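Take a look at the structure below.
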Amino acid sequence: MKMLKQTPGVFPVMARDGWPKDGDKTYQGAKAVVYYMDGGGRHPVIQPGHMDVVKKLIDGKAGFVNLHYAVEYPKEYNDRVFPWLGGYYETGFSTNPHWGRRLQEAAGACDRARRQAVHHPRRMVLQHPLRSRHEGRDADPEGDAA
């Protein structure tokens, strides 16, 4: 926070315990909101009335950033969250970024993510063939050393 406060034109506000006590006042005039918090079923953004607040911010061209576990949303919120972020972590579907040599299963998940993200303005298109570094060697999607 100290570094942000030293940045001209940046006026950071920290809200503890998930959501600002006075959300309307806190978010008034915000150019961006950054969430660094727990996600999942108790994600503060999905609580009653909060998604409408976030939508209003985004419609007003405010930036919307989720860091760390804040990217984890329950699947039933996909239709709202995906257009806002360009992606999110879905328990039971998303791949933890600790990919190893067995990448065949990950390649299928990447194909699904690519199909969803291809027309999204914040997209990151994964390239084929999917490759990974493992113990100093390249690996192809089938897990064979390249």
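The values are calculated or read from the model by the stated rules, or taken from the named source; none is laboratory data. Bear in mind the structure is a predicted one, so any value in this text is a computation, not a measurement. Heads up, the Cβs are rebuilt from the backbone with ideal geometry, glycines too, and the neighbour counts pull from every protein chain shown.
Of all the listed residues (P20, P44, P48, P8), the sole one being surrounded by 12 or more Cβ atoms within 10 Å (Cβ to Cβ), modelled with pLDDT of 90 or more and more than 15 Å from the chain's Cα centre (by Cα) is P20.
Restricting attention to the range 1-39, report how many residues are assigned to a loop (DSSP other than H, G, I, E, B) and either in contact (Cβ under 8 Å) with a residue 12 or more places away in the chain or of a type in the set (S, T, Y) (or both).
Filtering the range 1-39 down to residues assigned to a loop (DSSP other than H, G, I, E, B) leaves 1, 6-22, 28-31, 37-39.
Filter again for either in contact (Cβ under 8 Å) with a residue 12 or more places away in the chain or of a type in the set (S, T, Y) (or both), leaving 1, 7, 13-14, 18-19, 30-31, 37-39.
Going through the range 1-39 one residue at a time, the tally reaches 11.
If you go through the range 23-40 and keep only what is loosely packed, with under 11 Cβ neighbours inside 10 Å and closer than 19 Å to Y73 by Cβ, you end up with nothing.
Is it fair to say G60 is of a type in the set (G, A, S) and more than 16 Å from L85 (Cα to Cα)? Even if it seems obvious, please write down each step before you answer.
Working: of a type in the set (G, A, S): yes; more than 16 Å from L85 (Cα to Cα): no.
No, not satisfied.
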